[in-house]
Every structure is written in C-alpha cells, then in structure tokens.
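J.: Structure in structure tokens, see below.
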Amino acid sequence: FDTNYGKIANMTLRQMSSGNNLACISINSGRFIIEECDISCQSDAAIVIKKDADPRLRNNIITDCIGIGVLVANGGQGLLEENQLLRNSTAISIKNNSRPILQRNTISQNRSYGIAISGDCQGLLEENIISNNAREGIVISYGSNPILRKNKVHDHLSDGIRISDNASGNLEENEIFRNKNGIYIIDSDPILRKNIIHDSKEQGLDIVDSSRVIIIEDNDIFNNDKGIRIYREGNAVIRHNKIYRNKYWGVYLGSNVKCILENNDIFENDSAGVHISDNANPVLRHNRINKNVRGVSISDGGYGTYEYNDLRNNKYGAWNVSVDTKSKIKSFLNQEA
C-alpha cells in the first residue's frame, strides 16, 4: 500500500512464505484502514508500517506469526485500536523515530516481548491489556520516550516493564502486577506517577545504575516481595507514595545511592520500612514510617539525613543502626516514641 487512502475489512489474510523481508501487509504511506481482519504471517512481520504511513488498524486478530505481529519503523505512525495480538514472536515492535498510538489492544501469550520500543521513538500506549508474554510485557530502550497511561501489565515471568539504555517515558495510572519485577529501570530516567504496582515476585520497582534523577510520586506499591530497591548509583525523588504490606522491606537503598524520600506513607512491611546500606546517603523528610517490623534500618556504612519523620509504632523500634554508621547519621526532630 503506497497511496493516500484505502481500506480492507472482514478478510482472512495469510502470508505463507517463509522467505526474508516479507510481510502480509506492507504500508509505506497514506492512511490505510484495516478492520476486523484475521491476519497471520510465516515471515518477518504480519503488518509493516513505515516512512510516513499513518494507518488505522481496528478490531483485527493478529495471531501465530513466526515473527513480529506489527512492526512500526522509520518514522511510521498509525492508530492501533482494539486489536488482539496473540501467540506471535514479539506482538508489536516500534523502532527508529516512530510514534504510533496504541489503545485498548489485547496483547497476550506472545513468545517474546509484548511491546518493544527502541531508537528514539515516542507514541502513546493507553488502556492496553498486556499479559502472559514469555519475556517482558513492555521494553523501552535507546532514547525512546513514550507515554504509558492506564495499561494493565501482568503475569510475566520477567519484568512487567523494562526501561533501559538512556530511555525515559511518562508512566501514569498503569496497573502492573504479578510480574517478576513490576518495573525495572537501568541507566534511564522515566517519570512514574499514580501507578499501582503489586504482587511482584521480586521488586515492585527496581532501579540500577541510573545517575539521572527518576521522579516517583503518588504510586501505590504493595504486596510485592520487596517494595522499591535502588542501588549502584541510582538516584530518585520518591514522594507522596504509599508503600505497604511488602514481604520484606518497603524501600531498600544501597551502593552509593543518593535520593530524597519525602511525604511517603511506608507501613506494614514485614522487615524495615526503609533499609539503607553500603554508603547510601539519602534524605528522608516528613515520611510516615509506621507499623513495620522495624522503622529505619541502617548498616554497612549507610548514613543519611532524617528530618521530621514519624517513626512510631514499629514492632522493634524506630531505628536499627549498626555501630559503624551511627556517627554519620544526621537526625532532626523525628517522632520516635
């Protein structure tokens, strides 16, 4: 397809050849509409969207592809709405300065990623259900900066969302649950607001090697094995979150981390509300750290500044501080009784 406008609907389309660089549908330009079709491909991708193409894909079933379900590349756009992408390799791959809109799609049981976004891409992912894919639900990498809003990402053996390699993105009001890690961030600086992250098998939120500041605010992080872990030079501003009922600590800061925690509710975690170790040097200000097994635990050279926090009603007390760290701690006007 390489013209201004066209449409196909209610068709079954099969690309049966296994040769290289073949697609069932290739869209090079214009606004092509594909509606209520059943599409499969035994080659590289069922649908390829590229160059200046801006198609509309609605209510299609894209299944059992040897390769990618939908590939958007080289500046492609498009609206993908209410499609089902099942049992492909990667369901949707977005590459090289592309910026599609994905709304209310069901992406499940694919053999690799649900959605992979790389190479300075943007775009919007909104109200999609992304579940039970063999690898990560969503991968964002190499300078990409999409918006993820109100998606459900669940039941992955790997991470629900992985953000790496100088990527960013705005993640807002997503529900991320029953994954290995809810969100894993390495060498990137997304903004996370108003997400619900729960029942992760390891960390709800895991941040590694991210020296740039990550904004984490107004999220609910609960019932994970561990709540938030930041280590190896990670940096974040963590504020106005509820972090509770995790099986171990609420927040772990280690290995030279410098970050700010302020105005968070950290409660009913089965270990420390906040654990600080290995030369981490945070600022904790105006947090309510209550009803945990321990309030703040500090060991292995961790230190920090603690101002105006409410550390009452923790089972084994407000503080659990190893001898080698006590002289480094700066504590002002915390409530500890």
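J.: Has the stretch 277-293 got any residue that is hydroxyl-bearing (Ser, Thr, Tyr), over 28 Å from Asn145 (Cα atoms), more than 24 Å from the chain's Cα centre (by Cα) and not in a strand (DSSP E or B)?
T.: Yes, the stretch 277-293 contains a residue that is hydroxyl-bearing (Ser, Thr, Tyr), over 28 Å from Asn145 (Cα atoms), more than 24 Å from the chain's Cα centre (by Cα) and not in a strand (DSSP E or B).
J.: Report, by residue number, each residue of the stretch 119-136 that is open to solvent by less than 10 Å² (accessible area, probe 1.4 Å) and either in contact (Cβ under 8 Å) with a residue 60 or more places away in the chain or within 16 Å of Ile68 (Cα to Cα) (or both).
T.: Ile130, Asn133 - these are the residues of the stretch 119-136 that are open to solvent by less than 10 Å² (accessible area, probe 1.4 Å) and either in contact (Cβ under 8 Å) with a residue 60 or more places away in the chain or within 16 Å of Ile68 (Cα to Cα) (or both).
J.: Another question, then. Go through the residues of the stretch 102-114 one by one and say whether even a single one is aliphatic (A, V, I, L, M) and either at pLDDT below 95 or within 24 Å of Gly75 (Cβ to Cβ) (or both).
T.: Within the stretch 102-114 (the criterion being aliphatic (A, V, I, L, M) and either at pLDDT below 95 or within 24 Å of Gly75 (Cβ to Cβ) (or both)), the answer is yes, since at least one residue qualifies.
J.: Related question: Of all strands (runs of 3 or more DSSP E) completely enclosed by the stretch 1-64, which ones contain at least 2 residues that are over 30 Å from the mean Cα position of the chain (by Cα)?
T.: Numbers: elements: 2-9, 12-15, 23-27, 29-35, 38-41, 45-50, 56-58, 61-63.
Per the criteria, 2-9, 12-15, 23-27, 29-35.
J.: So which of Ile68, Ile140 is more than 19 Å from Pro190 (Cβ to Cβ), in contact (Cβ under 8 Å) with a residue 12 or more places away in the chain and aliphatic (A, V, I, L, M)?
T.: Numbers: Ile140 fails: more than 19 Å from Pro190 (Cβ to Cβ).
When all the criteria are applied, what remains is Ile68.
J.: Looking only at the stretch 183-199, which residues are in contact with a Leu (Cβ under 8 Å, 6 or more places away or on another chain) and over 21 Å from Gly143 (Cα atoms)?
T.: Asn195, Ile197
J.: If you check every pair at least six apart or on different chains, which have Cβ atoms under 9 Å apart with a residue in the stretch 208-219 that is free of Cβ contacts under 8 Å to residues at least 40 places away in the same chain and basic (Lys, Arg) first and a residue that is open to solvent by less than 10 Å² (accessible area, probe 1.4 Å) and assigned to a loop (DSSP other than H, G, I, E, B) second?
T.: Arg212/Ser188
J.: As an exercise: evaluate Arg245 against (1) in contact with a Phe, Trp or Tyr (Cβ under 6 Å, 6 or more places away or on another chain); (2) at pLDDT below 95 and give the number of the one condition it does not meet.
T.: (2)
J.: Name the residues in the stretch 137-161 that are crowded, with 24+ Cβ neighbours inside 10 Å and in a loop (DSSP other than H, G, I, E, B), would you?
T.: Listed by number, the residues that qualify are Gly137, Ser144, Pro146, Asn151, His156, Asp159, Gly160.
J.: Just for the stretch 162-205: of the residues that are touching a Gly at 6+ places or on another chain (Cβ under 6 Å) and of a type outside the set (A, V, I, L, M, F, W, C), which one is surrounded by the most Cβ atoms within 10 Å (Cβ to Cβ)?
T.: Checked the stretch 162-205; the qualifying residue surrounded by the most Cβ atoms within 10 Å (Cβ to Cβ) is Gly182.
J.: Could you check, for the stretch 202-212, whether at least one of its residues is more than 30 Å from Arg111 (Cα to Cα) and either part of a loop (DSSP other than H, G, I, E, B) or among the hydrophobic types (A, V, I, L, M, F, W, C) (or both)?
T.: Checking the stretch 202-212: at least one residue is more than 30 Å from Arg111 (Cα to Cα) and either part of a loop (DSSP other than H, G, I, E, B) or among the hydrophobic types (A, V, I, L, M, F, W, C) (or both).
J.: Right, something else. Answer yes if at least one residue in the stretch 296-316 is open to solvent by 10 Å² or more (accessible area, probe 1.4 Å), under 26 Å from Phe177 (Cα atoms), assigned to a loop (DSSP other than H, G, I, E, B) and touching a strand residue (DSSP E or B) at 6+ places or on another chain (Cβ under 7 Å), and no otherwise.
T.: The answer is no, given that none of the residues of the stretch 296-316 is open to solvent by 10 Å² or more (accessible area, probe 1.4 Å), under 26 Å from Phe177 (Cα atoms), assigned to a loop (DSSP other than H, G, I, E, B) and touching a strand residue (DSSP E or B) at 6+ places or on another chain (Cβ under 7 Å).
J.: Would you pick out the residues in the stretch 317-337 that are open to solvent by less than 70 Å² (accessible area, probe 1.4 Å) and either touching a Cys at 6+ places or on another chain (Cβ under 7 Å) or in a helix (DSSP H, G or I) (or both)?
T.: Thr325 - this is the single residue of the stretch 317-337 that is open to solvent by less than 70 Å² (accessible area, probe 1.4 Å) and either touching a Cys at 6+ places or on another chain (Cβ under 7 Å) or in a helix (DSSP H, G or I) (or both).
Per-residue answers, yes or no, for (1) more than 21 Å from the chain's Cα centre (by Cα); (2) buried (at least 18 other Cβ atoms within 10 Å of the Cβ); (3) at pLDDT 95 or above:
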| position | (1), (2), (3) |
| --- | --- |
| Lys226 | no, yes, yes |
| Glu233 | no, no, no |
| Gly250 | no, yes, yes |
| Cys259 | no, yes, no |
| Asn263 | yes, no, yes |
| Val274 | yes, yes, yes |
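J.: Ok, one more. Which residue, of Ser89, Ser40, is free of Cβ contacts under 8 Å to residues at least 60 places away in the same chain, farther than 29 Å from Ala167 by Cβ and among the hydroxyl-bearing types (Ser, Thr, Tyr)?
T.: Step by step, each of Ser89, Ser40 is checked, and only Ser40 is free of Cβ contacts under 8 Å to residues at least 60 places away in the same chain, farther than 29 Å from Ala167 by Cβ and among the hydroxyl-bearing types (Ser, Thr, Tyr).
J.: May I pose another question? Of the numbered conditions (1) out of contact with any Phe, Trp or Tyr (no Cβ under 8 Å at 6 or more places or on another chain); (2) open to solvent by 10 Å² or more (accessible area, probe 1.4 Å); (3) assigned to a loop (DSSP other than H, G, I, E, B), Ile215 fails exactly one; give the number of that condition.
T.: (3)
J.: Give the residue, chosen from Ile117, Ile129, that is more than 24 Å from Phe1 (Cβ to Cβ) and among the hydrophobic types (A, V, I, L, M, F, W, C).
T.: Ile129
The values are calculated or read from the model by the stated rules, or taken from the named source; none is laboratory data. Computed from a predicted model, the values in this text were never measured in an experiment. Here Cβ is always computed from backbone atoms with ideal geometry, including for glycine, and neighbour counts include all displayed protein chains. To get the accessible areas, we keep the full protein, side chains included, count just its heavy atoms, and leave off ligands, DNA and RNA. Shrake-Rupley method; radii C 1.70, N 1.55, O 1.52, S 1.80 Å.
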